[in-house]
Each structure stands twice: as C-alpha cells, then as structure tokens.
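Please treat every number below as a calculation from the coordinates, not as lab data. What you see is a predicted model; the values in this text were computed from it and never measured.
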Amino acid sequence: MLIGELAERAGTSPRTLRYYEEHGLVRAGRDANGYRQYDDGELRVVHEIRTLLASGFGLDDIRPFVECLRAGNSAGHVCPDSVAVLRRKIAEVDDYLGQLTEVRQRLHDQLDQALENRSDPQETRCRTRR
C-alpha cells in the first residue's frame, strides 16, 4: 500500500510515517517510480507505535516492541527486551507517583495552614481526601 493509504488506515499522517521510518521503526520499500510501498504488517507496527507513544513511551523505548513484532510474535510486549522496558517504565511511573503524592500532601498542608489563619471560623480546616 502507498503511504497515504497506510496513514489513513492507521489514523495518522504521511509525515508521521516518514518520521517513524527515519527512526527505523517503520519499513518501506520503493516501487519503480520511487513511491514508498508498505506491506500489511506495517499497519500493525504503526498501531503498536501509536499505542506506546500514547502511553508515554519514547521512540527508543518502542524499538524492542517493534522488533518483537517483526520477529513474528503475536504481540510486541512478549519478548524479554520489551518486558525489560515495561519494568523500567513501571518503575519510572511509580517514582513519579511517589513524587506527586508528596507534592499533594504539601499542598494540602499549605491549604490547611491558610484556612487556619482565616478569620471565618466556618472555614478553619480543609476537609479534602488524603
């Protein structure tokens, strides 16, 4: 299929497909007139790339998933290199959640202090969930 058809079927743009190709994630052949030609398997690869990007993965993180699909596996996350990336990403998310929890607690503490200093006795404490 030509780049326009792949872009339409994948819900993306030809420019994005060329970008993925520049980074070695999508493969295209060339026909006699120089047009890019994609086989049907590239649609699956593009869907995998877009799903992972939407989940916060970078292009380098995505490479093992694409290689896993290209090796003939039913999914991009079943190979050891993909599993390692998933574990690393989960650790990053867990760390970030811990940081956000600390920030949230500091904000609650500041709000409680601010409300304690108000002259209106009905608004003395922040009763939000913690």
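How far is helix 41-54 tilted, in degrees, relative to the longest principal axis of the Cα atoms in the chain, given as a value from 0 to 90 rounded to the nearest 10?
Between helix and principal axis, roughly 10 degrees.
Tell me, what is the percent relative contact order of the chain, built from C-alpha pairs under 8 Å that lie six or more residues apart?
Working: 97 pairs, mean separation 16.9, N = 130.
RCO, the chain: 13 percent.
What does the convex hull of the alpha-carbon atoms of the stretch 1-72 project to on average, in nm²? Spell out each step's value before the answer.
Working: hull surface 18.3 nm².
So the mean shadow area of the Cα hull is 4.6 nm².
Between helix 59-70 and the chain, what is the angle of the helix's C-alpha long axis to the longest principal axis, kept within 0 to 90° and rounded to the nearest 10?
50
Can you give the helix-only mean residue ellipticity at 222 nm for the chain, where every DSSP H stretch with n ≥ 4 adds -39500 (n - 2.57) and the sum goes over all residues, rounded to the nearest 500 deg cm²/dmol?
Numbers: 5 runs with 80 residues, N = 130.
That calculation yields -20500 deg cm²/dmol at 222 nm.
For the stretch 3-123, what is the convex hull volume of the alpha-carbon atoms per residue, in Å³? Present the calculation step by step, with values, prior to reporting the outcome.
Values: hull volume 19.0 nm³, N = 121.
For the stretch 3-123, the hull spanned by Cα atoms encloses 157 Å³ per residue.
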